[in-house]
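Sending over a structure as structure tokens; questions will come in a sec.
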Amino acid sequence: MSQSKQLIGFVGQGWIGKNYANDFEKRGFHTVRYSLEKPYLENKEKIKDCDIVFIAVPTPTTLEGFDGHIVEEALTLVGRGKIAVIKSTVLPGTTTQFQEKYSILTIIYSPEFLSEATAEYDSAYPFSNIIGLSLDTPRHRTASDKLISVLPHAPFQLVCTSTEAEMIKYTHNVSGYVQIMFFNMMYDFTRTIGCDWSVIRQALIADPFVASQYSEPIHKSGRGAGGGC
């Protein structure tokens, strides 16, 4: 099937799913969007006709721990023999568990690395495409090739196991969290001793040994680590 003939589905139209769907449409793909909000609510049954379905739905942390039931509900919408691509953040090992339960599907984990403020640009120009296979079979390898063919180009690309891909996402998120907390601590200490953080930060930005993306503690709506991930 040619790229232009493939029907691409999106379950979830929050800021992640919406920006991915927008990018695919801009690149000429036929898409189906489904979410619990209008105007996409009526598209629920159409998802089963999509060749590749991207799932970008919440995975909340509850008092009982990780909750993946919304992802699982999305998987039940995907048509038999189709490709399901989980974008939601999940615990390592989750995708292989879903694959065992939904063997009629080919399930891939491909983490997203969008920032909410720059999600439109990030979806169109990803720095990385990670393809995590829940099984190492010819069917999954073929699905991987199909997925790569429809994704926007990225300077780095990796095909690995789904659990490795889940760990890549977790490492990315935790690294960001640790950096945010570290720079908040340094900011507070700098102010305590009467120094100007903006002066310190200039040197950090110029230092190739310091990852300084999160070096501005006061940004957006406040301080600390938060928001979607």
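The values are calculated or read from the model by the stated rules, or taken from the named source; none is laboratory data. The model shown is predicted, which means the values in this text are computed figures rather than measured ones. Quick reminder, even Gly has a Cβ in these numbers, built from the backbone with ideal geometry, and neighbours come from all protein chains shown. In case anyone asks, the SASA skips ligands and DNA or RNA and just uses the protein heavy atoms, side chains included. Shrake-Rupley method; radii C 1.70, N 1.55, O 1.52, S 1.80 Å.
7 Å from Cα along Cα→Cβ at both M181 and Q157: what's the point-to-point distance in nm?
Simple spin-label model gives 3.7 nm for this pair.
Magnitude of the Cβ-charge dipole of region 63-196, K/R +1 and D/E -1, about the Cα centre, nearest 20 debye? All intermediate terms of the calculation are to be shown ahead of the outcome.
Working: 9 positive and 15 negative charges, 111 e Å.
In total the dipole reaches around 540 debye.
Return the loop-located GluC sites (Glu not before Pro) in region 15-116 (DSSP other than H, G, I, E, B) with at most 10 other Cβ atoms within 10 Å of their own Cβ; answer none if there are none.
Numbers: sites: E25, E37, E42, E45, E64, E72, E73, E100, E112, E116; in loops: E37, E64, E112.
Sparse-neighbourhood loop GluC sites (Glu not before Pro): E37, E64.
With a ≥ b ≥ c taken as the square roots of the eigenvalues of the C-alpha gyration tensor of region 31-151, please select rounded if a/c is under 1.5 and otherwise prolate if a/b is larger than b/c or oblate if it is not? Could the numbers behind the result be given before it?
On the way: a/c = 1.12, a/b = 1.07, b/c = 1.05.
In terms of gyration-tensor shape, rounded.
Continuing with the same structure: Residues with beta-carbon under 12 Å from that of A56, excluding A56: net charge, scoring Lys, Arg +1 and Asp, Glu -1? Present the calculation step by step, with values, prior to reporting the outcome.
Numbers: positive: K18, R33, K87; negative: E112.
So the environment of A56 carries a net charge of +2.
Once you order the gyration tensor axes a ≥ b ≥ c over the Cα atoms, which shape class does the chain get: rounded for a/c under 1.5, otherwise prolate or oblate by comparing a/b with b/c? Walk me through the numbers on the way to the answer.
Numbers: a/c = 2.02, a/b = 1.99, b/c = 1.02.
In terms of gyration-tensor shape, prolate.
For region 1-73, how big is the tail of P(r) above 21 Å, as a whole percent of Cα pairs? Write down the numbers at each step before the final one.
Values: 731 of 2628 pairs.
Here the tail beyond 21 Å accounts for 28 percent of pairs.
Based on a Kirkwood Rh over C-alpha pairs, give the Stokes-Einstein translational diffusion coefficient of region 52-93 at 25 °C and viscosity 0.890 mPa s in µm²/s.
Working: Rh = 11.0 Å.
Approximately 224 µm²/s, per Stokes-Einstein.
Residue farthest toward the positive end of the dipole of region 18-157, with Cβ of Lys/Arg at +1 and Asp/Glu at -1: which of N22, I148, S123?
Farthest towards the positive end: I148.
Let me ask you something else. Normalised by the residues of the chain, what does the relative contact order come to in percent, with Cα pairs under 8 Å and at least six apart?
Working: 376 pairs, mean separation 32.9, N = 229.
It rounds to 14 percent for the chain.
Sum -39500 (n - 2.57) across every DSSP H segment of at least 4 residues in the chain, then divide by the residue count to get the 222 nm mean residue ellipticity, nearest 500.
Values: 7 runs with 87 residues, N = 229.
Calculated mean residue ellipticity at 222 nm is -12000 deg cm²/dmol.
Further, regarding this structure: Relative contact order for region 113-229: what percent, with Cα pairs under 8 Å and sequence separation of 6 or more?
After rounding, I find 23 percent.
For region 117-229, which whole percent of the accessible surface, found with a 1.4 angstrom probe, sits on carbon and sulfur atoms?
Details: 4390 of 7060 Å².
The computed percentage sits at 62.
While we're looking at this one, here's another question. Which parts of region 106-131 would a label at E216 reach, counting a residue when its backbone N lies under 13 Å from a point 7 Å out along Cα-to-Cβ?
117-118
Grab every C-alpha pair in region 98-229, bin the distances at 5 angstrom width from 0 up to the longest one, and report whole percents.
The distribution over region 98-229 is 2, 9, 15, 17, 15, 13, 10, 7, 6, 4, 2, 1, 0, given as percents.
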